[in-house]
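First up is the structure itself, then whatever we jot down about it.
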Amino acid sequence: MNIGNIMSRKSADVVTIDISWGLHAAAVLMMRNRVAALIVTDRGKPVGLISERDVVSALADRGSRVAGTPIREVVTRPVLAVSASESIMHAIALMTERRVRHLPVFDNSELIGMVTLRDLIKYRLQEIELEATSSATWQSWSGSNAGGFFGSVEPGRPPLNRDVPAVPTTLMF
């Protein structure tokens with residue numbers, strides 16, 4: 001699985017803010033859009049990222065003057081990003097190593113979204129759950145009815161096992 005699989009299940013809306021704006025505008029955009037990070041652009045091109053952590057850090061450094069602080073003074077650069085074809089495990093490792101919770105996602109050179117650590121963990125947990133369910137189904141089926149397909153079951157028909165939970169065909173976010 002890759003990041004593109006996650007992005008196909010997420011909204012394609014990416015919240016951006018121009019580098020010339022102030023931190024107050026960034027905080028308002030984050031609250032209004034219920035996001036914890038914004039892509040910072042300069043003339044429409046991504047140049048960095050600003051997160052809640054950056055806003056809190058600026059508040060700690062500058063006190064009440066923080067609202068008027070230009071984003072260009074606190075933006076995290078360069079943009080640490082991943083390709084849509086990147087593996088989920090590699091993205092998790094990158095986020096852990098770099099201590100970030102948000103990664104912009106590009107397909108070729110086009111920004112297609114942002115993936116969060118929460119997205120990756122949620123997807124991975126669902127994947128693990130599906131693997132465990134599939135494993136339980138296989139063990140239950142192979143262990144039941146010692147005769148396999150033959151024995152007390154009609155020839156040519158697999159044994160029915162009503163104790164196995166249904167496996168979802170798609171993972172929903």
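Residues that are under 19 Å from D18 (Cβ atoms) and surrounded by 12 or more Cβ atoms within 10 Å (Cβ to Cβ) were ranked within region 77-100; the one that is modelled with the lowest pLDDT is V79. A residue that is in contact with a Gly (Cβ under 7 Å, 6 or more places away or on another chain) and not charged (D, E, K, R) occurs nowhere in region 43-65. In region 68-95, the qualifying residues are those that are touching a residue at least 40 places away in the same chain (Cβ under 8 Å) and part of a strand (DSSP E or B), and the one that is nearest to A58 (Cα to Cα) is P70. Can you confirm whether V35 is more than 15 Å from M114 (Cβ to Cβ) and either modelled with pLDDT under 95 or of a type in the set (S, T, Y) (or both)? Here the answer is no, as V35 does not meet what is asked.
Residue check: is L103 surrounded by 12 or more Cβ atoms within 10 Å (Cβ to Cβ) and in a strand (DSSP E or B)? Answer is yes for this residue.
The single condition from (1) surrounded by 13 or more Cβ atoms within 10 Å (Cβ to Cβ); (2) modelled with pLDDT of 85 or more; (3) assigned to a loop (DSSP other than H, G, I, E, B) that P159 fails is (2). When L120 is tested against (1) among the aliphatic types (A, V, I, L, M); (2) more than 30 Å from H24 (Cβ to Cβ); (3) free of Cβ contacts under 8 Å to residues at least 40 places away in the same chain, exactly one condition is not met: (3).
Checking each residue in region 39-76 for being surrounded by 15 or more Cβ atoms within 10 Å (Cβ to Cβ) and either farther than 16 Å from D18 by Cα or among the aromatic types (F, W, Y) (or both) picks out E52, R53, A58, L59, R62, V66.
Of the residues making up region 52-62, just one is among the small types (G, A, S) and under 13 Å from H24 (Cα atoms), namely A58.
If you go through region 30-53 and keep only what is of a type outside the set (A, V, I, L, M, F, W, C) and in contact with a strand residue (DSSP E or B) (Cβ under 6 Å, 6 or more places away or on another chain), you end up with T41, P46, G48, S51. I112 meets all of the listed conditions (1) out of contact with any Ser or Thr (no Cβ under 9 Å at 6 or more places or on another chain); (2) in a loop (DSSP other than H, G, I, E, B); (3) surrounded by 17 or more Cβ atoms within 10 Å (Cβ to Cβ) but one, namely (2).
The values are calculated or read from the model by the stated rules, or taken from the named source; none is laboratory data. Since the structure is predicted, the reported quantities are computational estimates derived from the model, not experimental observations. Cβ: placed from backbone, ideal geometry, glycine included. Neighbour counts: every protein chain shown.
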